Amino acid sequence: MSRFHYTSSQGFAGVPGYLPFVPTTLLRTNNFQRITHRLTLPALVDSGATVNVLPYDIGIRLGFTWDRDCPDTPFVGMIYGVPALGVTLFAKVGQFAPVRFTFGWSQKSSTELPFILGQTNFFDEFYVDFRKPKGFFDILKSGEV
């Protein structure tokens, strides 16, 4: 189990507050499973997000090319109608071992849309215990229960 503290942040609705961000290292590999790109940044742990979301500029930094060998991934909810492509990456969340995740790579940049770990498939791999009144949240790998 790893414990993380809520981060003071300007919310995407313009309202300041505390949000559950976790340090995440994204690893893009080639066909031989060698790492070709590595990027570490905070991800918003969002139990209300249907899918993991990768903003456009982060995908570009990881070497992705829009429309190249990526299936369409329809978004639902608040970002319904935003074009997205499906991409697969390994992600090292906190100190946990890397896990293979699927992301909806959005055409919106990280200034418009956060990098999100959502229900598909972050919450398939990890348990999260949100304790916002205490200022922290715990993450546990699903196989460690």
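The values are calculated or read from the model by the stated rules, or taken from the named source; none is laboratory data. Quantities reported herein were computed from a predicted structural model and do not represent experimental measurements. Note that we place each Cβ from the backbone using ideal geometry, even for glycine, and neighbour counts take in every protein chain shown.
Tabulated results
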quantity	calculated
When residues of segment 111-145 are limited to those that are in contact with a Pro (Cβ under 7 Å, 6 or more places away or on another chain) and buried (at least 17 other Cβ atoms within 10 Å of the Cβ), the one farthest from Phe64 (Cα to Cα)	Phe137
Gly77 farther than 29 Å from Asn31 by Cβ and either exposed (fewer than 13 other Cβ atoms within 10 Å of the Cβ) or at pLDDT below 95 (or both)	yes
Test result for Arg68, exposed (fewer than 15 other Cβ atoms within 10 Å of the Cβ) and either touching a Lys or Arg at 6+ places or on another chain (Cβ under 8 Å) or modelled with pLDDT of 90 or more (or both)	no
When residues of segment 1-60 are limited to those that are basic (Lys, Arg) and within 17 Å of the chain's Cα centre (by Cα), the one surrounded by the fewest Cβ atoms within 10 Å (Cβ to Cβ)	Arg38
Test: residue in segment 101-108 that is over 18 Å from Phe21 (Cβ atoms), among the hydrophobic types (A, V, I, L, M, F, W, C), modelled with pLDDT of 90 or more and under 15 Å from the mean Cα position of the chain (by Cα)	yes
